[in-house]
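Engineer: Sharing a structure, written as structure tokens. Questions coming.
The numbers here are math on the coordinates, done by the rules we state, and not lab data. None of these values were measured; they are calculated from a predicted model. Quick reminder, even Gly has a Cβ in these numbers, built from the backbone with ideal geometry, and neighbours come from all protein chains shown.
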Amino acid sequence: MKRYVIIGGGVAAVGCIEGIRSIDREGEITVISEEDHPVYSRPLISYLLEGKTDTERMKYRPDGFYKENGCRVFCGRRAVSINAVSHTVTLDDGAETLYDKLCVAAGSRPFVPSFDGLDTVENKFSFMTLDDALALDAALFESARVLIVGAGLIGLKCAEGIRDRVGSITVCDLADRVLSSILDSACAAVVQKHLEQNGIGFMLGDTVQRFEDSRACMKSGGTVDFDLLVLAVGVRANSELVRDAGGEVNRGILVDEKMQTTLTDVYAAGDCAEGYDAALGARRVLAILPNAYMQGNTAGINMAGGEKEFGNAVPMNSIGFFGLHMMTAGVYDGEMFEDAENGSIRRLFVKDGRLTGYILIGVTDRAGIYTSLIREKTPLDTVDFDLTKKAASNLIFSQDIRRKKFGGVV
Amino acid sequence: MKRVYVNEEWCLGCRLCEYNCAYANSGLKDMVVALKDKKIFPRIRVEGEDRITFAVSCRHCTDPICVKSCIAGAISNRDGVVRIDRNKCVGCLTCVLVCPYGALAPGEDGVMQKCELCLDNSCGAPACVTGCPNRAIVYEERSETQ
């Protein structure tokens, strides 16, 4: 009987468990999860603060998931080292667990720059885990002045989640625009305006030089007085376990298309892994939930002796703020085709006859059709590109392709 | 398993499937009360223009990417039928981002909804197919190689 060990208890771990069990019903699965919660949906923590969900509905899988899948779970426990030669994982209490196949799904952690005087700030929070959200939740009060450092996905979702529960929110970022990882300047300006109309203040192209208790002294010379500080600058992959065991890491743990690391019998998946980005044509950490599941699932299937490759991962995001929804995917490389009206924007990027990326703001219907064009590298001369530029629809395909899509098992 | 398949050349573009879907999922007994003067949010949508029309609903893929991508764990695959737990959905639209068929759209309340083959409502079999006047959509078994 095979012994599987999974380090991590998030979405990548669930994907791994379900992948293993799709092949092997018998093997012994051990899960080492640092968080003392049943697996939950991390991207929902802002919705939790907003009151749109609760901890019960945030459960990513039903109660009994581990039991039904025959998993032994160490909750609230940490793996401290991997010995790739003896095939053992050592836990924080010194206990050792043997594995035949190991999956490292250890996620990421908030990156906190070394701001001067940060230790003088009493009420500071990260915004990544359920415990982070619960701590912030407990600290919120109606007149609170909140400073959020970081205008990325995490910082802005946090702002949306708490807006109605605090007095004011200021978001600062070193970048000159909001959501700089997924939006270009023109699109970011539209989104920023919308956020400002909804009461969020911005200090962009600016950063904190030092903190003095509840005051941030900005590089630009200004100051921001705050009651609560949220640090949402970015995240770092938890790759040390594999690095220390002799595996190759870059920004994340290097994996191939089977999610195998450079260590024999060791796989990695999720935010800690650096796999191939098919849109970029290079390796990069794609810290998005669908990727975590699919990488985990791929790892699990291969660990159990199946054959699975995940070679068409692309960056993609669907996110909304105060009723304005946007979707982005791929890379913004090549010729741009724009269709903009009434505050909505559709930007498609085309290179070498393929769709490489898109930005959609306020016009997101059927966007998955665009995403599939990117993922499958569909030659655009096989679709009606004039229609494609105006809307995502199944009309862009030939009748023959449609017959396969809608007349067959897919 | 039985799925809904499209015979595009037979579609008249009459949109009866959309109305029957909205009615079947309204939970109401009276079709007039359910639909009259209301903007409908059917789970099947007729796409197309003058000459070409066809109805698109969930393909119930054998390896559904929406299930793997849902950030809330709200979409699941039970016995081949892809279902959504609307109570867990937060309306992030990630399923719309990934569905290669463009087969999902939010309901009136902004929460996602999708075709569940009318297995859980009072119809028991897809109302869109039952009401289609020209067999432009059918509900049947087809093999993966067909």
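Engineer: Whose amide H sits under 5 Å from the amide H of A:Cys103, counting only residues 5 or more places off or on another chain, with H placed in the peptide plane?
Structural biologist: A:Val5, A:Ile6, A:Ile7, A:Tyr267
Engineer: Could you give me the ³J(HN,Hα) list for the range A:362-376, computed from phi with Karplus coefficients 6.51, -1.76, 1.60 and θ = phi - 60°, whole Hz, x at Gly and Pro?
Structural biologist: Ordered by residue, 3J(HN,Hα) equals x, 9, 10, 4, 6, 4, x, 5, 4, 4, 5, 4, 5, 4, 8 Hz.
Engineer: Right, next: Between the range A:91-136 and the range A:297-345, how many Å separate their Cα centres?
Structural biologist: Here the two parts' Cα centres lie 26 Å apart.
Engineer: Apply the Karplus curve 6.51 cos²θ - 1.76 cosθ + 1.60, θ = phi - 60°, to the phi angles in the range A:386-391 and return the couplings in whole Hz, x for Gly and Pro.
Structural biologist: 4, 5, 4, 5, 8, 6
Engineer: Would you tell me the mean number of C-beta atoms belonging to other protein chains that fall within 10 Å of each C-beta in B:61-72, as a whole number?
Structural biologist: What the average comes to for B:61-72 is 6.
Engineer: Related question: Collect residues whose amide H, placed 1.01 Å from N in the peptide plane, falls under 5 Å from the amide H of A:Gln209; neighbours closer than 5 in sequence don't count.
Structural biologist: A:Cys217, A:Met218, A:Lys219
Engineer: List the aspartates and glutamates whose Cα lies under 17 Å from the Cα of A:Lys351, skipping any in the same chain that are fewer than 8 positions away.
Structural biologist: A:Asp277, A:Asp333, A:Glu335, A:Glu338, A:Glu376, A:Asp381, A:Asp384, A:Asp386
Engineer: Rounded, prolate or oblate: which fits the range A:283-410 when a ≥ b ≥ c are the square roots of the eigenvalues of the alpha-carbon gyration tensor, with rounded for a/c under 1.5 and prolate only if a/b beats b/c?
Structural biologist: oblate
Engineer: The range A:327-395: which GluC sites (Glu not before Pro) are DSSP loop and have at most 16 other beta-carbon atoms within 10 angstrom?
Structural biologist: Counting only loop positions with at most 16 other Cβ atoms within 10 Å, the GluC sites (Glu not before Pro) in the range A:327-395 are A:Glu376.
Engineer: Shape call for the range B:98-146 from the C-alpha gyration tensor, a ≥ b ≥ c root eigenvalues: rounded (a/c under 1.5), prolate (a/b greater than b/c) or oblate?
Structural biologist: Here the range B:98-146 falls in the oblate category.
Engineer: Over 48 Å apart: what share of the alpha carbon pairs of the protein assembly as shown falls there, rounded to a whole percent?
Structural biologist: Within the protein assembly as shown, distances greater than 48 Å cover 12 percent of Cα pairs.
Engineer: In the range A:118-231, what percentage of the DSSP-assigned beta bridges are antiparallel, given to the nearest 5?
Structural biologist: Taking every DSSP beta bridge within the range A:118-231, about 30 percent pair in antiparallel fashion.
Engineer: May I ask you to list the aspartates and glutamates whose Cα is less than 12 Å away from that of A:Lys52, ignoring any residue fewer than eight positions away on the same chain?
Structural biologist: Candidates past the 8-residue exclusion: A:Glu160.
Engineer: From the cross-link list A:Lys124/A:Lys219; B:Lys68/B:Lys114; A:Lys404/B:Lys2; B:Lys29/B:Lys114; A:Lys405/B:Lys68, which pairs have alpha carbons spaced over 23 Å apart? Can you show the working numbers first?
Structural biologist: Working: A:Lys124/A:Lys219 20 Å; B:Lys68/B:Lys114 16 Å; A:Lys404/B:Lys2 16 Å; B:Lys29/B:Lys114 21 Å; A:Lys405/B:Lys68 20 Å.
Cα-Cα > 23 Å for no pair; all within.
Engineer: For an R0 of 51 angstrom, estimate the FRET efficiency from the Cβ-Cβ distance between A:Thr90 and A:Lys193 and round to the nearest 0.05.
Structural biologist: FRET efficiency, A:Thr90 to A:Lys193: 0.45.
Engineer: Just the number, please: percent antiparallel of the DSSP beta bridges in the protein assembly as shown, rounded to the nearest 5.
Structural biologist: Values: 63 of 100 bridges.
Bridges in the protein assembly as shown are about 65 percent antiparallel.
Engineer: Rounded, prolate or oblate, given the Cα gyration tensor of the range A:118-231, with a/c below 1.5 counting as rounded?
Structural biologist: Taking the square roots of the gyration eigenvalues as a ≥ b ≥ c, the range A:118-231 is oblate.
Engineer: Loop only by DSSP, 13 or fewer other Cβ within 10 Å of the Cβ. Give me the GluC sites (Glu not before Pro) in the range B:7-93 that pass, ordered by residue number.
Structural biologist: Listed in order of number, the matching sites are B:Glu49.
Engineer: Can you run phi through the Karplus equation (6.51, -1.76, 1.60; θ = phi - 60°) for the range A:311-319 and list ³J(HN,Hα) in whole Hz, with x for Gly and Pro?
Structural biologist: x, 10, 5, 9, x, 7, 9, 10, 8
Engineer: Please give me, ordered by residue number, the GluC sites (Glu not before Pro) of the range B:52-146 that lie in loop per DSSP and have at most 12 other Cβ atoms within 10 Å.
Structural biologist: Numbers: sites: B:Glu108, B:Glu116, B:Glu140, B:Glu141, B:Glu144; in loops: B:Glu108, B:Glu116, B:Glu144.
Sites meeting the loop and neighbour criteria: B:Glu108, B:Glu144.
Engineer: What does the net charge come to around A:Lys390 if you take all other residues with beta carbon closer than 15 Å to its beta carbon, with K and R at +1 and D and E at -1?
Structural biologist: Taking every other residue near A:Lys390 into account, the sum is -4.
Engineer: Let me check against my output: what whole-number percent is the relative contact order of chain A, with C-alpha pairs under 8 Å and at least 6 apart?
Structural biologist: About 15 percent, as a whole number.
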